[in-house]
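The values are calculated or read from the model by the stated rules, or taken from the named source; none is laboratory data. Nothing here was measured: the structure is a model prediction, and the numbers come from that model. We place every Cβ from the backbone using ideal geometry, glycine too, and count neighbours over all the protein chains shown.
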Amino acid sequence: MSRKIIKSKYDLYEEKIETIAEVPSEKEKPLAPNSKLKYVGKDVNRYDGYDKVSGSAIYTIDKVLPNMVFARVMVSPHPHAKIKSIDVSKALKLKGVLHIITNENTSEIPWYYNTSKLFDKHLRYQGDEVACVAAETEKIAEEALSLIKVEYEIMPHVVTAESAMKENAPKIHNNGNFGRPSEYTRGNFDEGIKQADVTIEDTFTTQVEVHNPTEVHCSVVNWDGGKLTVWDSTQSIFSVRDNVAQSLGLNASDVRVVKKYMGGGFGSKLEAGKYTVMAALLAKKIGRPVKAAMNRREMNLSVGNRPDSNQTITIGTKKDGTFTAMSHIAYGVMGAYPSGSSSYWPLRSIYKCPNIKIDNKSIYINAGRARPFRAPGHVQGTFALESIIDDLALKLGMDPIELRLKNYTEVDQDGDVPYTSKLLKEAYEKGAEEIGWKNRNKIPGSQTGEIKTGIGMASQIWWGGGAPPSYATLKLNSDGSAKIFSGTQDIGTGTYTFMQQIAADVLEIPIDKVNVDLGDTGTMPYSGGSGGSMTAPSVSPAVYDAAIQMKQKLISNAAAILEVDESNLIYSSGNISSKNDSSKSIEIKDVVGKIHERVLVTTGARNENPNGYAINSFGAQFAKVEVDTMTGIVRVKKIVAAHDIGRVLNRKTLENQFYGGVIMGLGYALMENRVIDDYTGKVLTTNLHDYKMPTMQDMPDIKVIIVSEEDNLISPTGVKGIGEPAMIPTPGAIANAVFNAIGVRIKSLPITPDKILEALNSKS
Amino acid sequence: MSKDSESNKISRRNFLGKAGTGIVGSTILISSIGAADKTGPDLAEAPPIDPKETDILNLWVNGKKQKLKINPSSTLAEVLRNKLNLTGTKIVCNQGACGGCTVVMDNKAVYACHMLALDAAGKKVVTIEGLLEGEELNHLQEAFIEKDGLQCGFCTPGQIMSAYALLLSKPNPNREDIMEAMSGNICRCGAYPNILDSVLLAVQNKN
Ligand code: FES
Ligand code: FES
């Protein structure tokens with residue numbers, strides 16, 4: 001099977017990502033439809049289930065190496081300060097303390113795109129790193145932190161976008177508090193507005209959400225001469241490898257990053273942490289392995305969040321609902337270091353509109369830096385867009401779905417190319433039927449009684465078609481067992497399991513003969529980070545390709561062994577036999593046993609994406625809520641998630657991931673909120689009492705409907721990713737359902753009881 | 001337990017095959033743990049690296065009597081994880097707010113991060129590892145596989161121990177009982193619908 005090298009192009013936001021990749025030169029015959037397969041698409045139990053339910057799964061935080069010591073990081077208690085002096089002498093005297101690093105005894109390692117350093121004297125948020133202690137036990141390291149004396153020069157802080165944008169605001173960086181703006185125009189917005197019969201404009205705000213994965217960010221590092229091994233709780237082993245190597249001036253090949261199990265990331269674990277590099281510096285100095293781990297408080301300060309947003313949306317339409325112009329003017333906080341906070345993309349891409357104006361500003365404040373968070377920008381952008389579209393539908397006297405269908409597009413609005421597939425209409429139809437759309441309040445808020453129910457919906461667009469390079473190696477042993485290796489990672493999403501399913505189906509062997517090892521840069525072929533709903537669509541075609549090659553290799557070997565021409569051989573159920581001579585037959589394990597090495601190895605690659613198409617996933621979610629007008633409490637009773645996500649690889653893990661996205665979306669819609677006290681500049685929600693996340697009591701009835709089958713224009717497995725799509729439309733659907741129930745629009749997330757009561761008061 | 005040899009893996013998955021067929025695994029009963037007369041190695045004799053490890057703690061963990069020298073400020077979770085290497089018990093919030101560290105002590109679910117280890121003196125503690133009989137899973141653990149009551153798996157030991165405690169006090173809980181009893185266990189991956197179904201399945205398989 002021949003290969004070729006291409007420049008792989010992939011769009012993510014404005015970024016045109018280009019990488020060189022090896023891909024199959026010809027389009028492969030696609031994987032058979034799920035109805036013809038034994039494992040793919042079925043309810044196969046999770047490959048890693050045993051380890052996880054038995055307590056034997058070793059996460060990075062559990063990893064213990066002989067002679068290992070512990071590192072803890074001291075962070076700034078102030079939102080904005082400069083270090084005048086650090087005195088570690090008392091801490092060093094504590095029995096069991098081995099070494100302490102600060103800006104005074106380390107070289108300047110650039111961090112955050114050169115806007116800061118590993119240890120910077122200028123501390124720009126409560127949580128910026130000051131020192132790192134290594135000690136015999138975690139307890140001793142913790143105690144040592146309290147013995148470090150730091151003299152700070154306190155500087156004025158700014159913790160809201162509104163105050164940071166003011167002329168005379170304290171400057172967080174020399175060039176001010178504005179990051180790179182996102183601007184975009186299509187057509188002519190002002191002309192479009194002139195053509196409109198009706199215009200609507202409103203402002204929506206959303207809060208900062210914190211990832212709070214259950215496993216804290218942590219690493220275990222160990223030097224072996226000049227080579228460094230890092231066990232890391234990460235979503236992206238190769239990014240960590242490259243970041244760490246660059247920071248320490250090592251060759252990437254001298255750094256090996258390993259991740260087997262990881263307790264959640266949601267976007268917060270796509271890059272290397274400072275703690276990893278600090279641990280490596282300490283380990284080098286002490287000559288022992290080091291474990292560095294954050295605590296929950298630091299998790300809520302330092303390792304990322306979803307930026308807040310203030311979005312003003314304007315839409316102009318014809319009387320019949322046809323959009324003539326849309327604009328999205330917004331700002332949001334990205335924390336103290338470069339990141340992004342834009343939220344316009346859903347408006348720019350999901351509906352047909354010739355005239356678009358976008359201006360999004362990202363603002364520095366003295367708080368932890370934003371990181372990608374499950375559908376960056378899309379969750380907040382979809383909430384605002386889908387809220388105003390419902391308001392517009394009411395204004396026009398149209399059904400909200402009818403208005404969306406009026407502006408439905410079959411071509412990508414940016415590139416003017418068709419989608420490989422788009423089944424959003426089908427999602428609207430099936431979702432509406434399941435929720436009982438026709439039973440919603442025709443006049444919002446018209447129900448009498450204390451408890452009012454409402455139904456709402458929101459649409460979703462995301463990328464998630466995957467891209468090369470992504471590789472998987474397949475090894476077939478002479479006992480008939482197979483093993484897959486790939487430098488991707490399973491972050492709880494079922495990667496292990498679907499890889500196993502695909503290989504078993506292609507090779508027609510029992511699934512328990514297939515083993516999978518993931519997450520090791522030292523021994524496995526490259527695959528990308530597990531973010532952006534990219535993993536399954538990137539890696540499933542690679543393992544498919546490896547299995548197809550293996551099948552071919554087995555046939556060729558069998559031909560030599562049986563002395564039969566290849567074209568006369570049939571592969572069936574792990575057996576290869578001659579078409580015309582039934583005595584000439586061999587099991588695949590015997591093929592492997594007969595060849596010299598007793599093992600066959602192939603490496604498969606993700607195919608090239610098709611030219612002239614846009615690849616997007618689509619979906620619609622429908623919410624049914626109950627609002628208690630006496631207490632203001634919103635209960636989500638039901639969510640219907642109807643989505644176009646290409647082929648279902650595993651029904652069980654797919655539904656589970658949808659549940660997770662919906663519940664996380666519910667948390668964002670109703671309760672989650674990072675609160676900073678303006679006066680002190682300190683975060684008030686640094687633990688899981690104060691930072692509220694959904695529990696089992698908040699769980700609605702969730703129904704997942706998949707409207708798609710395989711999309712083979714994308715790849716032979718025909719998969720689109722689901723991690724982000726599962727969450728994108730949930731808050732918008734809930735907000736619209738709340739509006740349908742009470743007849744007053746809540747324009748700010750989270751929709752807490754006080755906001756409901758205030759809105760109801762202002763209405764009456 | 002974490003060895004990744006192929007034979008080990010296969011034997012585990014062969015075993016897992018049973019989960020789907022509804023064969024119910026054995027359950028460790030607290031009463032039998034109490035009666036067990038196994039004694040762990042006397043870890044109190046090892047020289048401390050932490051000079052503050054001054055206190056002796058006697059307790060039962062998973063049916064074994066343990067005598068440990070500990071820092072009196074240690075929590076039960078720290079002692080289980082760091083002294084006994086029972087890392088199945090996870091620390092998530094370390095503050096009694098999420099249930100990640102749930103273990104069962106004298107038949108009741110407790111947050112191991114939220115109590116001093118010394119307060120467990122003389123008590124019988126069961127951790128997720130204690131539900132196993134050799135390599136064999138408890139029926140509750142099997143149900144979590146069958147109903148996919150997990151994603152990243154990090155909250156899972158706490159979820160299972162919470163459910164285990166519930167079933168000890170109420171062998172036939174209904175949906176509401178389970179939701180009530182397990183609302184102190186946060187799953188950030190949001191696997192709640194499947195966690196609920198896992199417990200329901202375990203109850204059903206038991207009957
Ligand atoms: S870790 Fe103990 S309750 Fe959260
Ligand atoms: S499975 Fe990940 S936190 Fe529950």
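Filter segment B:93-114 down to the residues that are on the phi > 0 side of the Ramachandran plot and either within 16 Å of ligand 2 (Cβ to nearest atom) or more than 10 Å from chain A (Cβ to nearest Cβ) (or both), then identify the one that is farthest from the chain's Cα centre (by Cα).
At the first step, the residues of segment B:93-114 found to be on the phi > 0 side of the Ramachandran plot are B:94, B:96, B:99, B:106-107.
Checking the rest, the ones that are also either within 16 Å of ligand 2 (Cβ to nearest atom) or more than 10 Å from chain A (Cβ to nearest Cβ) (or both) come to B:94, B:99, B:106-107.
Details: B:ASN94: 16, B:GLY99: 11, B:ASP106: 13, B:ASN107: 12 Å.
Result: B:ASN94.
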So B:GLU146 ticks every box in (1) in contact (Cβ under 8 Å) with a residue 24 or more places away in the chain; (2) more than 16 Å from ligand 2 (Cβ to nearest atom) but one. Which box is left unticked? (2)
Checked segment A:660-708 for anything closer than 21 Å to A:ALA642 by Cβ and more than 23 Å from the chain's Cα centre (by Cα); matches are A:ASP701
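Does segment A:171-190 contain at least one residue that is crowded, with 17+ Cβ neighbours inside 10 Å, among the aliphatic types (A, V, I, L, M) and within 14 Å of chain B (Cβ to nearest Cβ)? So that I can check it myself, show each step before the final result.
Start the filter on segment A:171-190 by keeping residues that are crowded, with 17+ Cβ neighbours inside 10 Å, which leaves A:172, A:177, A:179, A:182, A:186, A:189.
Restricting the remaining residues to those that are among the aliphatic types (A, V, I, L, M) gives A:172.
Then keep just the ones that are within 14 Å of chain B (Cβ to nearest Cβ); that gives none.
No, every residue in segment A:171-190 fails to be crowded, with 17+ Cβ neighbours inside 10 Å, among the aliphatic types (A, V, I, L, M) and within 14 Å of chain B (Cβ to nearest Cβ).
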I'm checking my understanding of the structure. Among residues of segment B:115-138 that are surrounded by fewer than 21 Cβ atoms within 10 Å (Cβ to Cβ) and within 14 Å of ligand 1 (Cβ to nearest atom), which one is farthest from the other protein chains (Cβ to nearest Cβ)? B:MET115
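When you scan segment A:407-427, how many residues do you find that are over 24 Å from A:ALA325 (Cα atoms) and assigned to a helix (DSSP H, G or I)? First the steps, then the outcome.
First, the residues of segment A:407-427 that are over 24 Å from A:ALA325 (Cα atoms): A:420-421, A:423, A:426-427.
Applying the additional criterion that residues be assigned to a helix (DSSP H, G or I) yields A:426-427.
Final tally of qualifying residues: 2.
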Could you go through segment A:606-624 and let me know if any residue there is polar (S, T, N, Q) and touching a Leu at 6+ places or on another chain (Cβ under 8 Å). no
Among the helices (runs of 4 or more DSSP H) contained in segment A:250-350, which hold 1 or more residues that are at pLDDT below 95? none
Complete set of residues in segment B:163-185 that are within 13 Å of ligand 2 (Cβ to nearest atom) and surrounded by fewer than 24 Cβ atoms within 10 Å (Cβ to Cβ): none
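Enumerate the strands (runs of 3 or more DSSP E) found wholly within segment A:570-671, keeping only those where 2 or more residues are buried (at least 22 other Cβ atoms within 10 Å of the Cβ). Spell out how you get there, then give the answer.
Numbers: elements: A:575-578, A:585-587, A:599-605, A:617-628, A:634-644.
Counting at least 2 such residues, we get A:599-605, A:617-628, A:634-644.
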In segment A:64-101, anything touching a Lys or Arg at 6+ places or on another chain (Cβ under 7 Å) and within 14 Å of chain B (Cβ to nearest Cβ) is listed as A:ASN67, A:MET68, A:VAL69, A:PHE70
Qualifying position, being of a type in the set (Lys, Arg) and without any contact (Cβ under 8 Å) to a residue 12 or more places away in the chain, among A:LYS90, A:LYS82, A:LYS63, A:LYS139: A:LYS139
Residue by residue through segment A:177-207, note down the ones that are of a type outside the set (D, E, K, R) and farther than 24 Å from A:GLU15 by Cα. A:GLY192, A:ILE193, A:GLN195, A:ALA196, A:VAL198, A:THR199, A:ILE200, A:THR203, A:PHE204, A:THR205, A:THR206, A:GLN207
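In this structure, is A:VAL543 within 14 Å of chain B (Cβ to nearest Cβ), over 24 Å from A:VAL255 (Cβ atoms) and crowded, with 24+ Cβ neighbours inside 10 Å? Please lay out each step first, then the result.
Working: within 14 Å of chain B (Cβ to nearest Cβ): no; over 24 Å from A:VAL255 (Cβ atoms): yes; crowded, with 24+ Cβ neighbours inside 10 Å: yes.
The answer is no for A:VAL543.
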For segment B:165-194, give me each residue that is closer than 23 Å to B:GLU129 by Cα and away from ligand 1 (no atom under 16 Å from the Cβ). B:LEU166, B:LEU167, B:LEU168, B:SER169, B:LYS170, B:PRO171, B:ILE178, B:ALA191, B:TYR192, B:ASN194
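Please indicate, with yes or no, whether at least one residue in segment A:86-97 is surrounded by fewer than 19 Cβ atoms within 10 Å (Cβ to Cβ), within 26 Å of A:GLY532 (Cβ to Cβ) and not assigned by TED's automatic domain parsing to the domain that holds A:LYS652. Quick ask: steps written out before the conclusion?
Of all residues in segment A:86-97, those surrounded by fewer than 19 Cβ atoms within 10 Å (Cβ to Cβ) come to A:87, A:89-90, A:92-95.
Adding the requirement that they be within 26 Å of A:GLY532 (Cβ to Cβ) leaves none.
Within segment A:86-97 (the criterion being surrounded by fewer than 19 Cβ atoms within 10 Å (Cβ to Cβ), within 26 Å of A:GLY532 (Cβ to Cβ) and not assigned by TED's automatic domain parsing to the domain that holds A:LYS652), the answer is no, since none of the residues qualifies.
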